[in-house]
1. Can you tell me what share of the DSSP beta bridges in the range 237-406 is antiparallel? A percent to the nearest 5 is fine.
2. Which value, in nm² and rounded to one decimal, describes the direction-averaged projected area of the C-alpha convex hull of the range 126-250?
3. Summing Lys, Arg as +1 and Asp, Glu as -1, what charge do residues with Cβ under 10 Å from the Cβ of Tyr214 carry, Tyr214 excluded?
4. Between (i) 70, 48, 40; (ii) 63, 56, 42; (iii) 116, 52, 34, which matches Cα extents along the principal axes in Å calculated for the structure shown?
5. Using only the Cα atoms, work out Rg/Rh for the range 250-299, with Rh taken as the Kirkwood radius, to two decimals.
6. Magnitude of the Cβ-charge dipole of the chain, K/R +1 and D/E -1, about the Cα centre, nearest 20 debye?
7. How long are the three semi-axes of the equivalent ellipsoid of the range 237-406, in whole Å, if each is the root of 5 times an eigenvalue of the C-alpha gyration tensor, listed from largest down?
8. Report relative contact order for the chain in percent, whole number only (criteria: Cα-Cα under 8 Å, sequence separation at least 6).
Amino acid sequence: MKTDKTEEILCLNYYFPPLLSTAVIRNYHIACTFAKCVRKVHVLTSDNYKRFPTEERPLPSNLSLHAIYTLDYRRLLAGKQSDSHKPTTKKTSVFFQWLLKVQKSYPFSLVLAEGNFIYIYGAYHKAKALIREGGVTTIYSSFGPYADHFVAYLLKKKFPNLRWIADYRDLQIEPIYKNVIFTNYQKRIENKILQKADLITCISDGFKSQLEVYDRPTKTILRGVELRTPEVQYEKFTIAYTGSLYFDYRDPRAVFAVIKSLIKDGRIAAEDIQLIYAGRDGHRYSEWVEEYNLINIFYNKNMVSQDEAKTIQNRSHINLLLTSSSPELTGVLTGKVFEYFEALNPTLCLINGVYDPEFEALFSELNAGTVVYNPPISQGKMQSFILDKYREWKSTHKVKSTLNQQIIKSKYGWKSQIEKMLN
């Protein structure tokens with residue numbers, strides 16, 4: 001696939017700035033990088049950003065933003081919660097968990113999910129008008145929600161000569177989270193829709209293996225990295241997690257057990273260390289901290305802006321990364337992975353599940369920190385890592401970065417990732 005300065009790209013991004021959400025980051029950087037490659041970029045997005053907290057980001061002069069009227073559950077929630085996401089823990093009622101699965105499943109998603117049929121209708125008709133003006137050669141749609149892919153599918157049927165890139169930040173049919181009902185039926189529907197796609201892109205090789213079953217060209221496009229300017233680290237030795245728990249599939253309790261043991265044995269002084277959490281699941285995280293009697297060293301920041309989250313990451317001595325794996329799916333390289341790398345500080349990656357070769361290879365290549373598992377595969381590995389960084393902090397009052405910045409800059413920047421998509 002080639003592009004030039006005479007072409008235009010149409011992006012279908014329900015999530016896009018200025019909405020304050022980590023989901024916008026990939027869409028934002030991809031759209032901005034597109035703008036460097038073509039004459040004009042059109043972004044169609046939900047007008048829900050007008051109802052939730054926003055965070056302005058600069059846009060290229062040749063990128064036009066079109067807000068599509070949206071009447072979905074997020075609009076109904078506006079004013080009833082302080083951010084655009086609800087906490088997700090297993091303590092949520094069984095009925096609510098089942099309702100979430102129904103909401104994500106076709107055909108119910110057309111009515112109940114983000115970007116329901118009203119958004120789909122508006123985006124489709126706006127996109128048709130832009131295409132008929134001439135210049136648009138490529139459609140880029142991002143999941144989730146599935147509404148964006150559905151609009152792209154309708155446009156591809158109407159304008160078969162257009163090229164369509166279908167991108168996945170998450171999977172519609174998740175083997176770990178079991179997030180839909182009537183799974184085989186959902187696969188048949190997804191297969192029918194994706195047969196129209198010219199290219200499927202996704203965040204990891206693990207996702208790629210799941211999406212290749214649809215027999216379409218598929219590429220891994222990682223989240224690009226933009227290294228930040230280092231900041232002065234916290235006075236106390238700090239381990240921070242900035243993210244969600246996803247119904248407890250991301251579980252930090254193994255870390256708390258190790259810290260409690262090190263404090264009890266006198267190898268770490270309680271007055272030296274602090275734990276920080278920032279995200280939508282602060283209540284659940286606090287409960288777990290209290291289970292291990294570590295509440296006196298814990299600070300719950302709750303929801304913060306992206307800039308505040310980055311400051312926490314920049315100043316922490318260890319950034320805790322929580323993720324999951326299963327025999328069916330490994331390599332869930334979410335945007336959080338590379339967001340942590342941007343902070344330059346060591347990352348402790350705790351995987352709730354089986355051995356993950358993609359994470360192991362990435363951390364080894366970049367010397368980014370360490371990867372450990374729950375249940376543990378290598379006894380004592382997490383304890384040794386934490387103790388090693390603590391002793392470094394104790395002697396120098398800082399923890400140095402070990403990240404291979406040369407490889408990061410040459411291989412993992414946004415430009416190099418988008419070139420893979422467009423070539």
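1. Working: 1 of 25 bridges.
Bridges in the range 237-406 that DSSP calls antiparallel: roughly 5 percent.
2. On the way: hull surface 45.5 nm².
Dividing the Cα hull surface by four gives the mean projection, 11.4 nm².
3. Working: positive: Lys187, Lys192, Arg216; negative: Glu190, Glu212, Asp215.
Its environment carries a net charge of 0.
4. (i)
5. Values: Rg = 10.7 Å, Rh = 11.1 Å.
Computed over Cα atoms, the ratio is 0.96.
6. On the way: 57 positive and 43 negative charges, 191 e Å.
The dipole of the chain has a size of about 920 debye.
7. Values: eigenvalues 90, 70, 61 Å².
Value: 21, 19, 17 Å, ordered largest first.
8. Working: 797 pairs, mean separation 60.3, N = 423.
Once divided by the residue count of the chain, the mean separation gives 14 percent.
No value in this document is a laboratory result; all are computed from the given coordinates. Bear in mind that the values here come from a model prediction, so they are computed numbers and not experimental data. Virtual Cβ from ideal backbone geometry, glycine too; neighbours counted across all protein chains shown.
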